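The values are calculated or read from the model by the stated rules, or taken from the named source; none is laboratory data. On a predicted model such as this, the values are computed, not experimentally measured, just so you know. Cβ placement follows ideal geometry from the backbone for every residue including glycine, while neighbour counts extend to all protein chains displayed. To get the accessible areas, we keep the full protein, side chains included, count just its heavy atoms, and leave off ligands, DNA and RNA. Shrake-Rupley method; radii C 1.70, N 1.55, O 1.52, S 1.80 Å.
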Amino acid sequence: MNSCVIGLQWGDEGKGKVVDILAERSDIVVRYSGGANAGHTVVIGDSRFALHLLPSGSVRPNIICVIANAVVVDPDTLLKEIDELAKKNITLNNRLFISENAHVVLDYHKKEDQLREESLGKNKLGTTIRGIGPCYADKIGRSYAVRMGDLRNIQELKAKLQVIVDRKNKIFAALYNAKPINVADIFEKCKSYADELLPFTIDTTEFLHKAIADGKSILFEGAQGTLLDIDHGTFPFVTSSNSSSLGMPAGCGVPAKMVDKFLGVAKAYTTRVGAGPFPTEQDNEIGQYIRDKGNEYGTTTGRPRRCGWFDAVAVSYAVTIGAIDSIALMHLDTLTGLKEIKICKAYKINGRETTFFPANITRLSQASPIYETVPSWEEDITEVNDFHDLPLNAQNYIMLIEEMTGKPITTVGVGPKRNQTILR
Ligand code: GDP
Ligand code: IMO
Ligand code: MG
């Protein structure tokens, strides 16, 4: 059985927790898109892991971890993560495999991300400054890109870096009046990346297809969320990869046909980090209540997340384009204690009602949400582990979301820990 976990909103839905739970029944967990812009949290007892590049399955010592082709690998972050797990006696030796075709994020990508965002002023996208956009831009541009496999031929890479860095420095000086970067420093870093990461670097497509032929169970771990997809999200306020489930086959070379189940993850409300339209945003005391109670601060950047009501129009769109089979609804506990809860069931755009999400941001910014208001609950639900033990209003809320999205909610999160999960 192969399955894929996908974010149905603007990221941070709780994918890390869901992947950690499902990894127990998997042999291999694969990250196939995005980079260190992701921050996936796994809580085990009193330990909290924030993973940016390693698949969330990595905290389980027997799971094989794959970082596939379309991930942009920041070796500094990856090595730090490997070290942090080693400090907790979790080793990645012989069970981490990185694609030789994955592109490498280098310091000049992060610098370019930062300079561009600063120069945009109030029009900035609000990126994570992890060099994601510039690295994917170099990948698509082809001529000035570095892939993991290039670390194998270090002398050729030296010449290539000279050309790339010369060019980057011209751009940095001309556009941003910024100081040049030193190619020797980048090259020294690449030499040490080669020493430390080449032992993990292979043809992951071959590896995955052999594993499938051997009957292994593979879990594909999405990063970001469907609404941040470069082609299907709220462009330009998106990331630079196909972060919906449509990116999974292209990202790792395994066809979607070979995946038995697509599980979408959504929060019981909506959050977003960075700029861009957000129809159900509650920039008021309700949003603040959710932020405080749900600890809605970025795993990667620490930024306060924007918070709002559950948007069934947006989630239904993600379900539709993602061929989602079922939903994991996280953070139900965060809504406890609100006076009432609202769900957006349709948008009104220029006087017309629609239930199909417009990814085009001109239309999305004109959308006013049409809400259904439902009663809340006061009871603490953080220790509930059976659906029928939830307060009736919480059960009804879940069933209403099922009705609006047309998909069963098979997992409900009532807290960050593994055992704070209701499976139906
Ligand atoms: P991801 O990027 O989708 O993996 O999500 P993040 O890890 O960035 O953010 C989700 C946050 O919510 C993390 O701090 C999790 O520990 C936490 N979390 C996950 N599920 C639940 C839940 O059901 N209830 C609560 N209160 N916290 C949760
Ligand atoms: P996980 O995997 C939430 C957002 C950034 C910004 C936009 C572009 O933890 O759900 P980028 O650095 O990718 O160029 O930033 O995308 N973003 C995320 N928001 N969760 C994420 O990942 C995100 N990855 C990128 O905040 O708005
Ligand atoms: Mg996150």
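Would you point out the residue of the range 271-281, among those that are open to solvent by 30 Å² or more (accessible area, probe 1.4 Å) and at pLDDT below 95, that is farthest from residue 340 (Cα to Cα)? Step through it out loud before you land on a result.
Residues of the range 271-281 open to solvent by 30 Å² or more (accessible area, probe 1.4 Å): 273, 275, 281.
With the extra rule that they be at pLDDT below 95, the set shrinks to 273, 275.
Numbers: 273: 25, 275: 27 Å.
The selected residue is 275.
Could you identify the single residue in 385, 350, 419 that is on the phi > 0 side of the Ramachandran plot and either open to solvent by 60 Å² or more (accessible area, probe 1.4 Å) or in contact with a helix residue (DSSP H, G or I) (Cβ under 6 Å, 6 or more places away or on another chain) (or both)? Even if it seems obvious, please write down each step before you answer.
Details: 385 fails: on the phi > 0 side of the Ramachandran plot; 419 fails: on the phi > 0 side of the Ramachandran plot.
So the residue among 385, 350, 419 that is on the phi > 0 side of the Ramachandran plot and either open to solvent by 60 Å² or more (accessible area, probe 1.4 Å) or in contact with a helix residue (DSSP H, G or I) (Cβ under 6 Å, 6 or more places away or on another chain) (or both) is 350.
Filtering 399, 404 for residues that are buried (at least 17 other Cβ atoms within 10 Å of the Cβ), among the hydrophobic types (A, V, I, L, M, F, W, C), in a helix (DSSP H, G or I) and modelled with pLDDT of 95 or more leaves a single hit, 404. With respect to residue 333, is the statement that it is under 19 Å from residue 396 (Cα atoms) and open to solvent by 70 Å² or more (accessible area, probe 1.4 Å) true? Here the answer is no, as residue 333 does not meet what is asked. From the list 284, 295, the one residue that fits, being within 16 Å of ligand 2 (Cβ to nearest atom) and open to solvent by 40 Å² or more (accessible area, probe 1.4 Å), is 295. Taking first residues from the range 195-222 that are in contact (Cβ under 8 Å) with a residue 60 or more places away in the chain and partners that are open to solvent by 50 Å² or more (accessible area, probe 1.4 Å) and assigned to a helix (DSSP H, G or I), the Cβ contacts under 9 Å between residues at least 6 apart in sequence or on separate chains come to 201/152; 212/258; 216/210; 218/258. When the range 1-21 is limited to residues that are among the aliphatic types (A, V, I, L, M) and surrounded by fewer than 22 Cβ atoms within 10 Å (Cβ to Cβ), the one that is farthest from ligand 1 (Cβ to nearest atom) turns out to be 1. Please work out if residue 372 is out of contact with any strand residue (DSSP E or B) (no Cβ under 8 Å at 6 or more places or on another chain) and either of a type in the set (Phe, Trp, Tyr) or surrounded by fewer than 17 Cβ atoms within 10 Å (Cβ to Cβ) (or both). So residue 372 fails the test.
Rundown of residues vs (1) within 14 Å of ligand 1 (Cβ to nearest atom); (2) open to solvent by less than 40 Å² (accessible area, probe 1.4 Å); (3) touching a Pro at 6+ places or on another chain (Cβ under 8 Å), yes/no style:
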residue: 192; (1), (2), (3): no, no, no
residue: 209; (1), (2), (3): no, no, no
residue: 212; (1), (2), (3): no, yes, no
residue: 251; (1), (2), (3): no, yes, no
residue: 259; (1), (2), (3): no, yes, no
residue: 269; (1), (2), (3): yes, yes, no
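For residue 118, state whether it is surrounded by fewer than 17 Cβ atoms within 10 Å (Cβ to Cβ) and either within 16 Å of ligand 2 (Cβ to nearest atom) or of a type in the set (Gly, Ala, Ser) (or both). Yes: the conditions hold for residue 118. Listed by position, the strands (runs of 3 or more DSSP E) enclosed by the range 296-369 that each have at least 1 residues that are more than 16 Å from ligand 3 (Cβ to nearest atom) and under 20 Å from residue 7 (Cα atoms) are 306-308, 326-330, 340-349. Residues that are within 16 Å of ligand 1 (Cβ to nearest atom) and of a type outside the set (Lys, Arg) do occur in the range 82-104.
Counting the residues of the range 23-38 that are within 16 Å of ligand 2 (Cβ to nearest atom) and either assigned to a loop (DSSP other than H, G, I, E, B) or open to solvent by 10 Å² or more (accessible area, probe 1.4 Å) (or both) gives 6. Against the numbered list (1) touching a residue at least 40 places away in the same chain (Cβ under 8 Å); (2) surrounded by fewer than 21 Cβ atoms within 10 Å (Cβ to Cβ); (3) over 30 Å from residue 216 (Cα atoms), residue 326 comes up short only at (3).
Taken over the range 144-176, the residue count meeting the criterion of being open to solvent by 80 Å² or more (accessible area, probe 1.4 Å), without any contact (Cβ under 8 Å) to a residue 60 or more places away in the chain and more than 18 Å from residue 189 (Cβ to Cβ) is 3.
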